[in-house]
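Accompanying notes for the structure given below.
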Amino acid sequence: MQKIRFFSKKVDTLFTFRALYAIIGRKIEEVYAFLQEERTYSMKIDLNAMKDVLLSCEKPSRYTGGEFGSEEMPDSDLNFCMCLPDVYEVGMSNLGIKIVAKSLTDRGFCVDRCFAPWVDFGKALRENHIPLYSLQKKKPLAEFDMIGFSLQYELSYTNLLYMLDLAGIPLLRTERDEKYPVIVAGGPCTVNPEPMADFVDIFFIGDGEENDAEVAALYVKFKKGEIPDRHAFLEAAAKVPGVYVPALMEVEYNDDHTVRAFHGITHVKKAMIPDLDKAVYPDKLAVPNCEAVHDRVVIEVMRGCYRGCRFCQAGFIYRPVRPRGVDTLTKQACSLIRKTGYDEVSMNSLSTGDYPHLRELIRSLKAELPENVTLALPSLRVDSFDSEFAQDARRSSLTFAPEAGTQRLRDVINKDVTLEEILTAVGSAFDMGYYNVKLYFMLGLPTETDEDLLGIADIAKQISALYYSKKRKKQLRISISCATFIPKPFTPFQWERQASAEEIEHKQQVLREALRMRGVSLSWTDYFQAALEAMFARGDRRTGKVLLAAYKNGCIFDGWAECFSKEGWQNAFAETGVYPTEFTRAFAEEEILPWDFVDVLVTKEFYLRERRRAYQAKVTGSCMAGCKGCGIQREFTCHIPQNECPGAKKSGEETA
């Protein structure tokens, strides 16, 4: 199996594993004929007729389907196409869409998949008048009942428009009648759905394992005539927990473009799965035809995070912490390894080092998995570094995220780690044979000064001194990556302004001069892209006009440097009169925020309390030390100590 998988990554014209053998001994034309003979269903798109188009593009295996482990499903009462608006290699690595697909197929629905075609293939589709199609059934997207997009990051938004356009589906939801598919979206970005509200019919907010299937069942009733029309279907869908229907809410603005009021359905509470051991999870995976970004088995050890870093949206929107059991995870890993042929397992979560049964899980996986299978080491908090966990990982590179250069600033962001803990962690790693260290920091954090930036250089110097304090065979390499801080909704910093381009340029210059040392490299993110991300993370419904204008100006794959068009975006701002500065500004605590109608179960009072503690440089610490009264405990019995819980006793009480 391993030899077959290796070969599949090298042969870009692979369509099925059986076709691989044909490639070895036959001409390419025979492979296409072979594939045609293998079809067991009526296909809308003829790959044989597309031979020249496919072979003219980079990585044609992105567009052919037939992956090892993929299933050919007959049409059902509801035909659903699961999409991620990024390239195949990214989409095939995404765990969320696999979970959603499993939840739907378990209920008897037909689920296919599609990803954003790279620029060359998208152009070829247009020139040859071929509609965008699904990978497995080769069915045009416009012929599905429902198309679901997973929105993982804001710079993928124009790719959703790109995919709809290639499929021949009107971009605006108001221009789509009942003959077009229902467009739905889920993923972390939907906690502020407003920038995409003009384009998406239904948003799933929170855990999607159950509510997506409930909405699918409602659609079947609509399709059979039990629900009279599309509007009635949307009204019924809006009653499902975690479902937001933008057509059923209107936004009223003040003269200064801030939100005055919401009208219609004005409260949407996120959906939440309380017990992940009982939640749906894929027991097999399609093995990508070409190497994916994460080309390995992934198990989700837990959802949520104990830490409460004040900048981290994921740490708040995925609350509460819900770990899976060791037996559950071991069974999932063994099943996926057996059915895919992978030789690596990645333990996925926001903070895997905090999984309460990590040592037990590692020992269980070692005992049950084949000897050649390794455990992938994710990015760890320095105070949760575990040498027993690290010993099976590849010994070249280790990643930590201190986020800030000084203890004062780490206290501001509630990153409760010390320099001593950082040095202890990397020292343990060095003694185990690691010689590459990747460190992640942010620039432009609230209250940040040049002294905090110089602290980053000091950390690098001390790590270097620690490494060379002993005789080592290899030269140490320290890679420092600095991202521009983006204030995100549903964090204590959601009211903060984003630092200006001039401020960030100054901070980068300070670091460039301070980090002139052997073995240290420095990189940072593009500021203009960071400002765009802030605009669409904190944007209101008006930003949809900007997205549409930018797409019409040729903006796609905005997260890819080779495709990013700054000019296209600047023209979109000028055409619409909506600019990033409206959303990178500081928000007043008393104003209505564009996402205030969404309830992720953490109270605004808690965010405000944490914001004030940040300006006092006070650490709240981890939930593992006891409940901090964020509001989740009113809805869910958290997997943390409950005694002395201020939230359960008295709303708004300060926690030390």
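Readers should treat all values here as calculations from the given coordinates under stated rules, not as data from a laboratory. These numbers come from a predicted model, not from an experiment. For neighbour counting, all protein chains shown are included, and Cβ atoms are generated from backbone atoms with ideal geometry for every residue, glycine included.
Once every DSSP H run of n ≥ 4 in the chain is given -39500 (n - 2.57) and the sum is divided by its residues, what mean residue ellipticity at 222 nm do you get, rounded to the nearest 500 deg cm²/dmol? If you can, show how the numbers build up before the last one.
Values: 24 runs with 227 residues, N = 656.
My calculation for the chain gives -10000 deg cm²/dmol from helical runs alone.
Rounded to two decimals, what ratio of Rg to Rh does segment 456-605 give with C-alpha atoms and a Kirkwood Rh?
Ratio value, two decimals: 1.09.
Let's test the formula: R0 of 25 Å, r as the Cβ-Cβ distance of Lys545 and Thr258. What FRET efficiency results, to the nearest 0.05?
Approximately 0.90, to the nearest 0.05.
May I ask you to derive the relative contact order of segment 392-443, considering only C-alpha pairs under 8 Å and at least 6 residues apart, and to give it as an integer percent?
It comes to 60 percent, rounded to a whole number.
Taking the Cα-to-Cβ direction at Thr424 and at Lys552 and moving 7 Å from each Cα, how far apart do the two end points lie in nm?
Spacing of the two 7 Å Cα→Cβ label points: 5.9 nm.
So if R0 is 60 Å, what FRET efficiency would Lys471 and Ala574 give, r being the distance between their Cβ atoms, rounded to the nearest 0.05?
About 0.50, to the nearest 0.05.
For segment 290-343, which chymotrypsin sites (Phe, Trp or Tyr not before Pro) pass both filters: DSSP loop (anything but H, G, I, E, B) and at most 16 other C-beta atoms within 10 Å?
Nothing satisfies the criteria.
Out of the chymotrypsin sites (Phe, Trp or Tyr not before Pro) in segment 542-625, which ones are loop residues according to DSSP with at most 16 other C-beta atoms within 10 Å? Write out the running numbers ahead of the final one.
Values: sites: Tyr551, Phe557, Trp560, Phe564, Trp569, Phe573, Phe583, Phe587, Trp595, Phe597, Phe606, Tyr607, Tyr615; in loops: Phe557, Trp560, Phe564, Phe587, Trp595, Phe597.
The qualifying sites are Trp560.
Which value, in debye to the nearest 20, describes the size of the charge dipole of the chain about its Cα centre when Lys and Arg Cβ atoms bear +1, Asp and Glu Cβ atoms bear -1, and nothing else is charged?
Computed charge dipole of the chain: roughly 1900 debye.
Is the shape of segment 172-270 best called rounded, prolate or oblate, per the rule: a/c under 1.5 gives rounded, else a/b larger than b/c gives prolate, else oblate, with a ≥ b ≥ c the square roots of the Cα gyration tensor eigenvalues? Don't jump to the answer; show the numbers that get you there.
On the way: a/c = 1.97, a/b = 1.49, b/c = 1.32.
Cα axes put segment 172-270 in the prolate bin.
Using only alpha carbon pairs under 8 Å that are at least six residues apart, calculate the relative contact order of the chain and give it in whole percent. Mind dumping the intermediate values first?
On the way: 1204 pairs, mean separation 83.2, N = 656.
The value is 13 percent.
For Leu172 and Lys44, FRET efficiency with R0 = 30 Å and r from the beta-carbon atoms, rounded to 0.05?
Between Lys44 and Leu172 the formula returns 0.75.
Compute for segment 68-269: radius of gyration divided by Kirkwood radius, i.e. Rg/Rh, restricted to C-alpha atoms, rounded to two decimals.
On the way: Rg = 16.6 Å, Rh = 17.3 Å.
Dividing the radius of gyration by the Kirkwood radius yields 0.96.
Order by neighbour count: Thr491, Thr174, Thr374, Thr603, fewest other Cβ atoms within 10 Å first, most last.
Ordered from fewest to most neighbouring Cβ atoms within 10 Å, Thr491, Thr174, Thr374, Thr603 come out as Thr174, Thr374, Thr603, Thr491.
So how do Lys471, Lys269 line up by other beta-carbon neighbours within 10 Å, fewest first?
Working: Lys471 5, Lys269 15.
So the ranking, lowest neighbour count to highest, is Lys471, Lys269.
Compute the orientation-averaged projected area for segment 396-526 from the convex hull of its Cα atoms and round it to one decimal in nm². If you can, show how the numbers build up before the last one.
Details: hull surface 32.1 nm².
Quarter of the Cα hull surface area: 8.0 nm².
What distance in nm separates the simple spin-label points at Asp327 and Ala586, each placed 7 Å from Cα in the Cβ direction?
Reported label-point gap for Asp327 and Ala586 is 5.5 nm.
Give the order of Lys415, Lys284, Lys473, Lys138 when sorted by the count of other beta carbons within 10 angstrom, beginning with the fewest.
With the sparsest Cβ surroundings first, the list reads Lys473, Lys284, Lys138, Lys415.
For the chain, what value does the Rg/Rh ratio take when both radii are computed over Cα atoms and Rh is the Kirkwood radius, given to two decimals? Can you show the working numbers first?
Values: Rg = 25.1 Å, Rh = 26.3 Å.
Reported Rg/Rh (Cα atoms, Kirkwood Rh): 0.95.
Which of the GluC sites (Glu not before Pro) found in segment 587-627 are loop residues per DSSP with 14 or fewer other Cβ atoms within 10 Å of their Cβ?
Glu589, Glu590, Glu591
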